[in-house]
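Engineer: First the structure, then my questions, so here it is.
The values are calculated or read from the model by the stated rules, or taken from the named source; none is laboratory data. Just so it is clear, the structure is predicted and the values come from calculations on it, not from any experiment. Don't worry about glycine lacking a Cβ; one is built from the backbone with ideal geometry, like all the others, and counts go over all protein chains shown.
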Amino acid sequence: MPSPAKPFHFKQFEIVQARSAMRVGTDAVLLAAWVRLGNCNHVLDVGTGTGVIALICAQRCDAATIEAIEIDQGSAEDAGENFQQSPWRERLKIHLGDFLKISTSEKFDLIISNPPYFTHSLRAADPIRNAARHDDLLPSDAFMKHSKRLLREEGKIALIFPKSELERWILDAAEVGLKPSRICHVFTLVHKDAARVMIEFSFTSPIEPEMESILIQKSPGEPSDAYKQLTTAFYTKW
């Protein structure tokens, strides 16, 4: 049996992750550090896991009330504990449940997620880990349709997923009237193609989205200056 995951220490908060389906990873931190939070007073973090995205958003934006939803009970318990132990506990709320079954009249300025994205890849033995990684329970088309119902007219959606999934997400967003306003290609190393894409969708996007890129490592084990600058308020290692 694998040993329980140790807490992950950030500069202003700590993440316990012993019960979570997925541990703290680069993708979640990167997305939460990259998304623009201006005028985002009401935020929904979908599939929050340990709660790291919600916590970074709370640290970055004093005005934001952040709600998070998680379908896995163990992950939701970790997120709830992390929220309560943080300096922003009054602005953070965890819900245990299925995002696609939310029924509320509330509207959000930002819906943010590091969604499950694998469609046809090899399954792990752990069904909880499968739910966190594979899109059976939260396919892209259903995610976009439900997000449209919960989003303010001037609101936006922020996501991170493999570059290979970009076209599918853009097509599913277009079906509900959402278009990309900002796209950032994430390169792990100089000589490799982009591994991930971060994207913001909105109803009032420009004709051409704002294009960006970020390099994670300038050489193996050596973070790039841009990556360090983006995450310096959070990681303790720089």
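Engineer: All but one of (1) in contact with a helix residue (DSSP H, G or I) (Cβ under 8 Å, 6 or more places away or on another chain); (2) at pLDDT 95 or above hold for Ala195; state the number of the condition that does not hold.
Structural biologist: Of everything listed in (1) in contact with a helix residue (DSSP H, G or I) (Cβ under 8 Å, 6 or more places away or on another chain); (2) at pLDDT 95 or above, Ala195 misses just condition (2).
Engineer: Looking at segment 171-214 only, could you name the residues that are outside any strand (DSSP E or B) and either within 19 Å of the chain's Cα centre (by Cα) or at positive phi (or both)?
Structural biologist: Asp172, Ala173, Gly177, Leu178, Thr188, Ala194, Ala195
Engineer: Something else about it: Can you say whether Ala63 is modelled with pLDDT of 95 or more and either outside any strand (DSSP E or B) or closer than 21 Å to Lys6 by Cα (or both), as far as the supplied structure shows?
Structural biologist: So Ala63 does not fit the description; no.
Engineer: Okay, next question. Only residues that are closer than 17 Å to His185 by Cβ and among the hydroxyl-bearing types (Ser, Thr, Tyr): list them for segment 199-228, please.
Structural biologist: If the condition is that a residue be closer than 17 Å to His185 by Cβ and among the hydroxyl-bearing types (Ser, Thr, Tyr), then Ser213, Ser224, Tyr227 are the ones that fit.
Engineer: To continue, here is another question. Would you check if Met211 is crowded, with 18+ Cβ neighbours inside 10 Å, at pLDDT 95 or above and closer than 29 Å to Lys237 by Cα?
Structural biologist: It is false that Met211 is crowded, with 18+ Cβ neighbours inside 10 Å, at pLDDT 95 or above and closer than 29 Å to Lys237 by Cα.
Engineer: Would you check if there is a residue in segment 37-51 being within 15 Å of the chain's Cα centre (by Cα) and more than 23 Å from Tyr235 (Cβ to Cβ)?
Structural biologist: Within segment 37-51, one or more residues are within 15 Å of the chain's Cα centre (by Cα) and more than 23 Å from Tyr235 (Cβ to Cβ).
Engineer: Which condition number in (1) more than 15 Å from the chain's Cα centre (by Cα); (2) surrounded by fewer than 17 Cβ atoms within 10 Å (Cβ to Cβ); (3) modelled with pLDDT of 95 or more is the one that Thr26 fails?
Structural biologist: All conditions are met except number (1).
Engineer: Please work out which residue is surrounded by the fewest Cβ atoms within 10 Å (Cβ to Cβ), limiting yourself to segment 68-93 and to residues that are in contact with a Ser or Thr (Cβ under 9 Å, 6 or more places away or on another chain) and within 23 Å of Trp34 (Cβ to Cβ).
Structural biologist: Step by step, filter segment 68-93, then rank; the result is Arg91.
Engineer: All but one of (1) surrounded by fewer than 21 Cβ atoms within 10 Å (Cβ to Cβ); (2) within 17 Å of the chain's Cα centre (by Cα); (3) not in a loop (DSSP other than H, G, I, E, B) hold for Ala58; state the number of the condition that does not hold.
Structural biologist: The single condition Ala58 does not satisfy is (1).
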